[in-house]
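Report on the structure given below.
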Amino acid sequence: MNLSRRKFLRGTGVALGLPWFESISSFGAEAVKNNTAPRRLAVCFTGNGVNPHHWGATQGLGGMEFMKSLSPLEPLKKHVSVFKGLWNPTTVEGEGGHYPKMNVLCGLKVKKTTTDVEVGTTMDQLIAAQTGKFTPIPSVVLGTERPSYSTDSGFTSIYSAYISWSTPTTPAPKEIFPQQAFDQLFDDGSKRKRDKSILDLVLQDAGALKPKLSQRDKQKLDEYLTSVREIEQRVELAEKISQAETGGAGWQPTVKVPTMARPGSGIPTSAEDHLRLMFDIMLLAFQMDRTRVATFMMNNDLSNMRFPSLDGISGGIHELSHHANDEHRLDMYQRVNQHQVKLWGEFLGKMQATNEGERTLLENSMIMLTSSLFDGNAHDSRQLPVVLAGGGGGTIQGGRLHDHSADPNRKLCRLHIALMDRMGLHVGHFGDAENALAI
């Protein structure tokens, strides 16, 4: 075969960024119609569970009171809701461990396999298909760690590296390099020209390759070309939009150009620096309305992420999660949990400081923090740590504890349906749930 795989795949990394123009109906119709800022959704994930002794909130005489792990969120309490007791029932079926729990955003059973992975299309990607009509990028999927390749108890470790799935069998590729994430989201127009030439080459390669493929491989190629065609259509649309006049009367983002420098190449050596940089990129993407949907794996499940800046902490997150109730190890695990919440809270604070007219960016958004386990030491997923920040465009009252521990229908997917509804995607059921949670 004359065409090498390396040559053929040269276009697979194409990611397009288009400017937001409120006067163009394809992107701005929603905003022009009601002249209000759009709603955004982000899901932030930390693997390996939490210290169950200090996670969550209680209901006191003065209202909700944060437990120790969530104490960094105190300045934003009125914008934060804490959920207790929500779970995905499918995670307790069959063998335990980490991998069967990695269905946080779809609730469907994780297929036991080392090859043909399958979970379920996740709620963020379903929402992105809806809101992507109005933004240059349908969704941004970020992370900090590469996937690992091993097997355990009949499962592939690939599951531990993804929470966002674009189809039941396809994890949404996540970007762990800050520079590439920045370039994907904040294009000045020159990148579109490069993308168009790359797409032309890819289609030429595909045309030459197709006669040499088996029927099954032709089907795979057709699936690939469908995604290429979607990118090509975005390039064509971008060229039309770039020639259009702007200046309508509808809502426009308050941030017009990137307010941060393009990150350097590679991955920051400090975990804190890496996390803060990715949070800032996600913040800017929302501020500029480049996308309205994001997922961010702050660390993979089974992660070895370390925080040497925390004095006295030794060991990676996964190692610390298996503390065996040793007091010293529990204290280290607790401090790491609390530090991760602090970093998340910094991101929320910057969102709250972004004025979008009637409300702030945080008040227009819904930002979830969760994990696939509650008690990491016991691999316990009979309830999950779930915190929701933001007001959903005035539809969510914060400062409340939602305790569903005694609710027989305490499925996490009910919360997903409620969030999907607020993002304009109205479904009768999702995952294993049939109705929305009241929030």
Checklist outcome for this item: Between the modelled labels at residue 262 and residue 355 (7 Å from Cα along Cα→Cβ) the distance in nm is 3.2 nm
Item to check | Long-range HN-HN contacts of residue 43 with modeled amide H, under 5 Å | outcome: 294, 295, 296, 368
Checklist outcome for this item: Given unit charges at Cβ for Lys, Arg (+) and Asp, Glu (-), the dipole magnitude of segment 97-175 about its Cα centre in debye, nearest 20, is 120 debye
Checklist outcome for this item: Residue separation between residue 215 and residue 35 times 0.36 nm, minus their alpha-carbon distance, gives in nm 59.7 nm
Item to check | R0 of 56 Å, Cβ-Cβ distance residue 224-residue 403: FRET efficiency to nearest 0.05 | outcome: 0.75
Checklist outcome for this item: In segment 281-439, taking the dipole from +1 charges on Lys and Arg beta carbons and -1 charges on Asp and Glu beta carbons about the Cα centre, the listed residue (360, 405, 323) farthest towards the positive end is 360
Checklist entry - Between residue 112 and residue 179, what length comes free when the chain is fully extended (0.36 nm per residue of separation minus the Cα-Cα distance, one decimal in nm)? => result 20.6 nm
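Throughout, read-outs are computed from the coordinates displayed, never taken from laboratory work. For clarity, every value in this text was computed on a predicted model and none was experimentally measured. FYI the Cβ positions are ideal-geometry reconstructions off the backbone, even for glycines, and counts take in every protein chain you see.
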